[in-house]
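No lab work stands behind these numbers, since they all come straight from the coordinates. Remember, it's a predicted structure, so these values are computed and weren't measured experimentally. Don't worry about glycine lacking a Cβ; one is built from the backbone with ideal geometry, like all the others, and counts go over all protein chains shown.
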Amino acid sequence: MIFEDIADFQASLPKARPLLGLDLGEKTIGIALSDRLLSVASPMETVRRRKFGLDAARLLEIAAAREVGGMILGLPRNMDGTEGPRCQSTRAFARNLARLTDLPIGFWDERLSTVAAERALLEADASRKRRAEVIDSVAASYILQGALDRLGHMKAEQR
């Protein structure tokens, strides 16, 4: 099921299960994984995109192996907050994925996540080759961490 509102997404999550964060690019999908307490996101891997069926099968394979409780997809809004063709593509991917799984799917504004990931890798003195290999999964971890921080803040407000 797809959730537009992060509060509804949070309410649908099973207890003590990690989340996957996805950065959908044209050629790759960056994947990040949270811990079971939903506090820390870590880059996991980058999948080279092929056909939707193969991409979805790989994502669902990872989700099953890691006992994932939900997925956060980066929503690539324009800098003015509007949604363009890349957002439409991400929403279509989510709709198609939702037909194959019961896992809750949510969105998180990913503006500047790749810029932040690139900056972090530069500060870590990663080589150009290494940056190219991991940039998408690091961007996915920035997306997921933003959502985790919001979920944690909402949880604290509920107490």
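If R0 equals 22 Å, the separation of the Cβ atoms of Glu83 and Asp149 corresponds to a calculated FRET efficiency of about 0.45. Note that the stretch 57-66 has calculated 3J(HN,Hα) couplings of 4, 5, 4, 6, 5, 5, 4, 5, 5, 9 Hz, one per residue in order, obtained from phi through the Karplus relation 6.51 cos²θ - 1.76 cosθ + 1.60 (θ = phi - 60°); glycine and proline are x.
For the pair the stretch 3-25 / the stretch 42-94, the C-alpha centres are spaced 12 Å from each other. Close amide H partners of Asp35, meaning residues 5 or more places away or on another chain with modelled amide H under 5 Å apart, are Val40. Computed about the Cα centre, the dipole magnitude for the stretch 1-85 is approximately 420 debye when only Lys and Arg (+1) and Asp and Glu (-1) carry charge, each at its Cβ. Treating r as the C-beta distance of Glu157 and Glu61 and R0 as 30 Å, the FRET efficiency rounds to 0.25. For Arg49, nonlocal amide neighbours, meaning residues 5 or more places apart or on other chains whose placed amide H falls under 5 Å from its own, are Thr28, Ile29. Taking amide H positions as modeled 1.01 Å from N, with prolines and chain starts lacking one, the residues under 5 Å from Glu110 and 5 or more places away or on another chain are Leu75, Arg77.
Remark: the stretch 81-98, residue by residue, has Karplus-estimated 3J(HN,Hα) of x, 6, 10, x, x, 5, 5, 4, 5, 5, 5, 5, 4, 4, 4, 5, 5, 4 Hz, where x stands for each Gly or Pro and the curve is 6.51 cos²θ - 1.76 cosθ + 1.60 at θ = phi - 60°.
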